[in-house]
Amino acid sequence: METAHTNPIFNSKRELFINHTQIEALLENIPDLIYMKDLNGNYINGTKNAAEFIKNGFDALSNIQIDLKSIEKTNLAEDRFVIDNNKTVSNEREIYDINGMPHYYTIYKAPIHNLHNRIIGLIVKINNVDKSKLLEAQKETFVASLGHDLKNPTLALISVINLLLKGNFGEMTESQKEILSMALDSCNSMKAMLSGLLATYRDSNGVIRLNYEEISLVDLVMECMNEMIYLAKDKDVGISISKDCKIPTVYGDKVQIKRVVMNLLSNGIKYAYKDSILNINIYNEDDYTCFRFENKSPYIPPDKIESIFAQYVSYASAHKELGIGLGLYNSQKIVEAHDGNIFVQSFQDDRNIFGFKIPNILKDADKPRTVIF
């Protein structure tokens, strides 16, 4: 005798009811504005607060009353694009509330297909990102303000050093003038880097336009080496350099290339063993001019090498040093923007090699060149 529990039709309906209940429970508890609508734009189903958002523009999750009329044309155009092209769209938009205040939303739309792969509607996901935008703006303001605040004492220090070198405060020995000249070079480099930092936030999106000029990489490295010599002495690390006598000039942004050399040398000195030598080599390789150094420092495993140029990856804390992991990340960005590449090798006998190479020949001289951090 067949019962309700053994009847296949009853069981099928029961499973459909359970599945429907589970879906309703899911939609009821998802803390996002997600909904489905048909090809005519009519609301079908969605999460708890989606129906109210569609009906009158009230975003209950963020307590914002959106001006629906202001986004009506854009929504219709997006819907038509998804349906006509069978593609998803994803973007971030500024949407105004009924008081004219701007808010930021991420919007995702995708087509819904039936069993025959025909488009029967759309699914839409909307998220308010005001908080993340505010946090991003606060971070940018902090960095820009810090850069600006650091620039003023740097300019003051440059002025004082210039006055000292001119003898305004009495005559100095040649050794004293030499040390002050090195300090002045470091201050001027800091000034240029701070100007670049401020330009990044002024131009937004972390984009810096590269100012190309003819550069002697040998002279630039020697300049950097002289600026770092006292840091090396403080760490009890020696520096030696070997160079090809026929190295051609390269084309690039001198300030940005110097950032790379200074970052690499700083890391090379920072992690080098006490009483060791950091050996610098500048040489030619096909149509590239190359810079590299080798030092004696802790072995870097292969899995670490793969991520060493990633943003905010730093091993400074392990060595009780100050660092947040942006130096090598920024260096790679700069070198790649110059159509070059940066490299690292580590050997189990505690030899480490860092370097980069950039082209000798400038291609597409009129091409705008930028680096995006």
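Below are the figures for this structure:
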read-out	value
Output for segment 116-138, where each listed residue is farther than 26 Å from Ala51 by Cα and more than 27 Å from the chain's Cα centre (by Cα)	His116, Asn117
In segment 49-67, the residues that are closer than 20 Å to Lys37 by Cα, in a strand (DSSP E or B) and among the aliphatic types (A, V, I, L, M)	Ile66
Residue that is surrounded by the most Cβ atoms within 10 Å (Cβ to Cβ), among those in segment 63-88 that are touching a helix residue (DSSP H, G or I) at 6+ places or on another chain (Cβ under 9 Å) and at pLDDT below 90	Leu68
Test: Asn75 is within 32 Å of the chain's Cα centre (by Cα), of a type in the set (S, T, N, Q) and under 15 Å from Tyr35 (Cα atoms)	yes
Selection count where residues are modelled with pLDDT under 90 and either of a type in the set (A, V, I, L, M) or in contact with a Pro (Cβ under 7 Å, 6 or more places away or on another chain) (or both), scope segment 99-119	2
Residues (over 24 Å from Asp349 (Cβ atoms) and modelled with pLDDT of 85 or more) located in segment 283-324	Asn284, Glu285, Asp286, Asp287, Tyr288, Thr289
Check on Ser195, among the hydroxyl-bearing types (Ser, Thr, Tyr), buried (at least 16 other Cβ atoms within 10 Å of the Cβ) and either outside the structural domain of Gln345 (by TED's automatic domain parsing) or farther than 17 Å from Asn295 by Cβ (or both)	no
Output for segment 78-107, where each listed residue is assigned to a strand (DSSP E or B) and under 14 Å from Lys37 (Cβ atoms)	Ile107
Cβ pairs under 8 Å, 6+ apart, first in segment 43-65 and assigned by TED's automatic domain parsing to the domain that holds Gly121 and within 18 Å of Gly100 (Cα to Cα), second assigned to a loop (DSSP other than H, G, I, E, B) and small (Gly, Ala, Ser)	Phe53/Ala60; Gln65/Gly57
Residues within segment 198-250 that are among the hydroxyl-bearing types (Ser, Thr, Tyr), modelled with pLDDT under 90 and surrounded by 14 or more Cβ atoms within 10 Å (Cβ to Cβ), tallied	4
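The values are calculated or read from the model by the stated rules, or taken from the named source; none is laboratory data. Remember, it's a predicted structure, so these values are computed and weren't measured experimentally. Don't worry about glycine lacking a Cβ; one is built from the backbone with ideal geometry, like all the others, and counts go over all protein chains shown.
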